[in-house]
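Engineer: I am attaching a structure below and will ask some questions about it afterwards.
The values are calculated or read from the model by the stated rules, or taken from the named source; none is laboratory data. Worth saying up front: this structure is predicted, and the values here are computed from it rather than measured. A quick note on method: Cβ atoms are made from the backbone with ideal geometry, for glycine too, and the neighbour counts reach across all protein chains shown. These area figures cover heavy atoms from the full protein model, side chains too; ligands, DNA and RNA do not enter into them. Shrake-Rupley method; radii C 1.70, N 1.55, O 1.52, S 1.80 Å.
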Amino acid sequence: MVDEELGEATIVYEDPDGETIEKNVQNEHVAYFQDHWLVKVGEDDEGRDIVRRIPATRVYHVERTVEKFEEEVKTVRDQVQSFTDDLRSRLLGGGESEGQSKPLSIDVEGDSDDERR
């Protein structure tokens with residue numbers, strides 16, 4: 001169900017044929033993730049969302065209407081913080097908050113730690 005109060009977004013991008021496309025959607029139907037813009041373009045016969053992934057390099061601009069710019073920036077900042085916390089936890093096993101303050105050493109040449117010292 002679309003929440004009309006979330007505002008609208010317009011994404012302008014280049015399609016594979018080189019044509020410029022301008023698509024208007026509800027804000028909740030457009031997102032940025034892993035260097036792609038994700039845009040809901042419809043639903044299938046079973047009611048599942050159909051999403052188009054558009055590489056960021058093909059997008060000219062995205063305009064959104066928002067209630068307050070500060071709230072939009074806070075949402076983006078919170079998403080980035082969540083992503084970096086998750087990445088830090090996966091790579092470092094919890095990071096400094098769990099007592100790990102030394103950098104993680106990854107063996108890329110196949111040598112053991114003893115051979116490199």
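Yes/no matrix, rows are residues, columns are (1) modelled with pLDDT of 95 or more; (2) open to solvent by less than 40 Å² (accessible area, probe 1.4 Å); (3) part of a loop (DSSP other than H, G, I, E, B):
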{"residue": "Met1", "(1), (2), (3)": "no, no, yes"}
{"residue": "Val12", "(1), (2), (3)": "yes, yes, no"}
{"residue": "Tyr32", "(1), (2), (3)": "no, no, no"}
{"residue": "Gly42", "(1), (2), (3)": "no, yes, no"}
{"residue": "Val51", "(1), (2), (3)": "no, no, no"}
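Engineer: Since Arg116 meets every condition but one in (1) modelled with pLDDT of 70 or more; (2) loosely packed, with under 11 Cβ neighbours inside 10 Å; (3) of a type in the set (Lys, Arg), which condition does it not meet?
Structural biologist: Only one criterion in (1) modelled with pLDDT of 70 or more; (2) loosely packed, with under 11 Cβ neighbours inside 10 Å; (3) of a type in the set (Lys, Arg) is unmet by Arg116, namely (1).
Engineer: Restricting attention to region 15-29, which residues are closer than 12 Å to Arg58 by Cα and either modelled with pLDDT under 90 or open to solvent by less than 60 Å² (accessible area, probe 1.4 Å) (or both)?
Structural biologist: Asp15, Gly18, Ile21
Engineer: What number of residues within region 58-70 are surrounded by 10 or more Cβ atoms within 10 Å (Cβ to Cβ) and either modelled with pLDDT under 75 or closer than 19 Å to Glu28 by Cα (or both)?
Structural biologist: 7
Engineer: Okay, moving on. Only one residue in Val51, Val39 is closer than 21 Å to Val80 by Cα and in contact with a Lys or Arg (Cβ under 9 Å, 6 or more places away or on another chain), so which one is that?
Structural biologist: Val39 is the lone residue from the list that is closer than 21 Å to Val80 by Cα and in contact with a Lys or Arg (Cβ under 9 Å, 6 or more places away or on another chain).
Engineer: Name the one entry in Ser97, Ser89 that is part of a helix (DSSP H, G or I), at pLDDT 75 or above and small (Gly, Ala, Ser).
Structural biologist: Ser89
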